[in-house]
Amino acid sequence: MKKLLFVLTILIAGTVSAQKINWMTMNEALALQKETPKKIFMDVYTTWCGPCKMLDRDTFSNKDVIEYVNENYYAVKFNAEGTEEITFEDFTYTNPNYQEGRKGRNATHFFADALKLRGYPSLVFFEDDGALIQAVPGYKTPPQLEIFLKMIATNDYKKVNTPEAWQAYQENFKSNFKG
């Protein structure tokens, strides 16, 4: 009986932990877009960034966020100080100044520079053809992230082109994500 309970506990724990965002590289997402067009949601982080770790722990583990991102986006995890080669719009971005074994901050990846990011974490959205839509800087709770995820997935962002339109959109938005 104890063995059965142990096995059931492991199976249940495995099922719960299996619910996570299907992260991939930017190159993988761009390749998938060619087969099945879908927008890209990119989490740009660094290893030393406290709010980046909070985003992973508090927001990207949220059931509503996981379900919505996996259903509507190709999700990309990108280390802004890493060594991944990214080919985007016929140019290969690298981080030639990266220093192996360096503690704390490292050289910024050229792709992060190309995106003109102002800080970390940054959440970057791309069209289903790979074109850049917008970067959103900073930590977001699940309800704070929800408005961006839904506005971009539904193309409502194309109608929100003034500060007044953004204010009205926020006021009329009904959040469903639990925070």
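Under 16 Å between alpha carbons, and skipping anything fewer than 8 positions from Lys38 in its own chain: which aspartates and glutamates qualify?
By straight Cα distance, Lys38 reaches Glu28, Glu67, Glu71, Glu127, Asp128, Asp129, Asp156.
Identify all lysines with a Cα-Cα distance to Lys174 below 17 Å; exclude those on the same chain that are fewer than 8 residues away in sequence.
Filter leaves Lys140, Lys150.
Where does the chain land at 222 nm, in deg cm²/dmol rounded to the nearest 500, when only DSSP H runs of n ≥ 4 count, each adding -39500 (n - 2.57), divided by all residues? Each step should come with its number before you reach the end.
Values: 7 runs with 69 residues, N = 179.
Result for the chain, helices only: -11500 deg cm²/dmol.
Debye calculation, C-alpha points only, no solvent: report log10 I(q)/I(0) for the range 26-119 at q = 0.12, 0.21, 0.23 Å⁻¹, in the same order as the q values.
Values returned for q = 0.12, 0.21, 0.23 Å⁻¹ are -0.43, -1.15, -1.26.
Can you pull out the chymotrypsin sites (Phe, Trp or Tyr not before Pro) in the range 93-179 whose DSSP state is coil and whose Cβ has at most 15 other Cβ atoms within 10 Å?
Values: sites: Tyr93, Tyr98, Phe110, Phe111, Phe125, Phe126, Tyr139, Phe148, Tyr157, Trp166, Tyr169, Phe173, Phe177; in loops: Tyr98, Tyr139, Phe173, Phe177.
Listed in order of number, the matching sites are Tyr98, Phe173.
Quick one: net charge around Gln33, please, counting Lys, Arg +1 and Asp, Glu -1 for every other residue with C-beta under 13 Å from its C-beta. Walk me through the numbers before you get to the answer.
On the way: positive: Lys34, Lys38, Lys39; negative: Glu28, Glu35, Glu89, Glu127, Asp128, Asp129.
Around Gln33, the surrounding residues sum to -3.
May I ask you to give the percent of accessible area on the chain that is carbon plus sulfur, with a probe radius of 1.4 Å?
Working: 5780 of 10690 Å².
Here carbon and sulfur together make up 54 percent of the probe-accessible area.
In the range 135-175, which trypsin sites (Lys or Arg not before Pro) are in a loop and have at most 14 other Cβ atoms within 10 Å, using DSSP for the loop call?
Numbers: sites: Lys140, Lys150, Lys158, Lys159, Lys174; in loops: Lys140, Lys159, Lys174.
For trypsin sites (Lys or Arg not before Pro) across the range 135-175 that sit outside H, G, I, E and B with at most 14 neighbouring Cβ atoms in 10 Å, the list reads Lys159, Lys174.
Give me the Kirkwood hydrodynamic radius of the chain, using the inverse of the mean 1/r over all pairs of distinct Cα atoms, in Å to one decimal. Don't jump to the answer; show the numbers that get you there.
Details: mean 1/r = 0.0562 Å⁻¹.
Hydrodynamic radius (Kirkwood, Cα pairs) of the chain is 17.8 Å.
Can you give me the accessible area per residue for the chain, using a 1.4 Å probe, in Å²?
Details: 10690 Å² over 179 residues.
With all protein chains present, the chain gives 60 Å² per residue.
When only alpha-carbon atoms count, how far does the range 109-152 stretch along each of its three principal axes, as whole angstroms with the largest first?
31, 25, 10
Give a quick list of GluC sites (Glu not before Pro) in the range 117-178 that DSSP marks as loop, anything other than H, G, I, E or B, with at most 16 other Cβ atoms within 10 Å. Walk me through the numbers before you get to the answer.
Values: sites: Glu127, Glu146, Glu164, Glu171; in loops: Glu127.
Those that pass, being in a loop and sparsely packed, are Glu127.
Write down the Å³ per residue value for the convex hull defined by the alpha carbon atoms of the range 80-170.
Details: hull volume 10.9 nm³, N = 91.
It is 119 Å³ per residue.
The values are calculated or read from the model by the stated rules, or taken from the named source; none is laboratory data. All figures in this text were calculated on a predicted structure; none of them were measured in a lab. Glycine also receives a Cβ, built like all others from the backbone with ideal geometry; neighbour counts cover every protein chain displayed. Ligands, DNA and RNA are excluded from the accessible area calculation, which covers all protein heavy atoms including side chains. Shrake-Rupley method; radii C 1.70, N 1.55, O 1.52, S 1.80 Å.
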